[in-house]
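The block underneath contains the structure these notes are about, expressed in structure tokens.
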Ligand code: FNR
């Protein structure tokens, strides 16, 4: 069984990105489990706080889940054509201290997807993540792309995925990423 930790980069109760993550979880292929990681409770990064108290509890919990898993799925909103601050802040904490950050990210298979009510499907935000993913040494998977636009029509009021095209693309995406994660794990064994 390969395990993928998925993180939706939004704190909003009605987050489309969380809906997309849940839909990915439900479509995980046999032999793959998608677990949901949380950024809620992670404070703003503060170097003094880190020096005095180390990593906050919410960061340690998320870090341990990622380290115990085989892959990481970032489900990103787009804010002003870039990465949402709350999501980047979480990743910045997870990269600290550097030796621990290496355990979290180095050679870790990572995939990106995202949803927006807008037309661009989070293309700008997903691209904006790339220098950060490179900086922390991840092994990004680019076998498929998933840009969910007009999210208000793709999910119903209960958060269920109701768009057949996105359903097919998402099923294909999570299957491809799970295969990549499994291959990477075999390669390390
Ligand atoms: C947005 N939104 C947005 N959408 C987009 O497609 N491109 C963008 O550049 C922006 N910019 C932006 C800035 C700020 C500050 C906010 C609050 C929002 C809209 C955004 O996609 C929308 O709020 C989504 O619903 C956010 O994702 P969740 O919370 O639904 O997962």
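The values are calculated or read from the model by the stated rules, or taken from the named source; none is laboratory data. None of the values given here were measured: they were computed from a predicted structure. Every residue, glycine among them, receives a Cβ derived from its backbone with ideal geometry; neighbour counts consider all protein chains shown.
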* Is it true that some residue in the range 72-81 is away from the ligand (no atom under 16 Å from the Cβ), buried (at least 16 other Cβ atoms within 10 Å of the Cβ) and either over 19 Å from residue 141 (Cβ atoms) or at pLDDT 95 or above (or both)? -> yes
* Of 129, 93, which residue is within 16 Å of the ligand (Cβ to nearest atom), buried (at least 21 other Cβ atoms within 10 Å of the Cβ), touching a residue at least 12 places away in the same chain (Cβ under 8 Å) and not in a loop (DSSP other than H, G, I, E, B)? -> 129
* Structure fact -> Of 21, 62, 44, the only residue that is over 22 Å from residue 113 (Cα atoms), modelled with pLDDT of 95 or more and outside any strand (DSSP E or B) is 44
* What residue, among those in the range 96-110 that are under 13 Å from residue 132 (Cα atoms) and at pLDDT 95 or above, is surrounded by the most Cβ atoms within 10 Å (Cβ to Cβ)? -> 105
* Before we move on, is residue 187 farther than 21 Å from residue 18 by Cα, part of a loop (DSSP other than H, G, I, E, B) and away from the ligand (no atom under 15 Å from the Cβ)? -> no
* **Test result for residue 137, in a loop (DSSP other than H, G, I, E, B), under 18 Å from the mean Cα position of the chain (by Cα) and away from the ligand (no atom under 11 Å from the Cβ)** => yes
* To do: State yes or no: is residue 132 in contact with a helix residue (DSSP H, G or I) (Cβ under 9 Å, 6 or more places away or on another chain) and more than 25 Å from residue 183 (Cα to Cα)?
  => no
* **Which listed residue is touching a helix residue (DSSP H, G or I) at 6+ places or on another chain (Cβ under 9 Å) and farther than 24 Å from residue 106 by Cα, from 29, 56, 43** => 29
* Residues of the range 135-157 satisfying the condition of being within 20 Å of residue 171 (Cβ to Cβ) and out of contact with any helix residue (DSSP H, G or I) (no Cβ under 7 Å at 6 or more places or on another chain) -> 142, 145, 149, 150, 153, 156
* Structure fact -> When (1) more than 16 Å from the ligand (Cβ to nearest atom); (2) in contact (Cβ under 8 Å) with a residue 24 or more places away in the chain are applied to residue 170, the one that fails is (1)
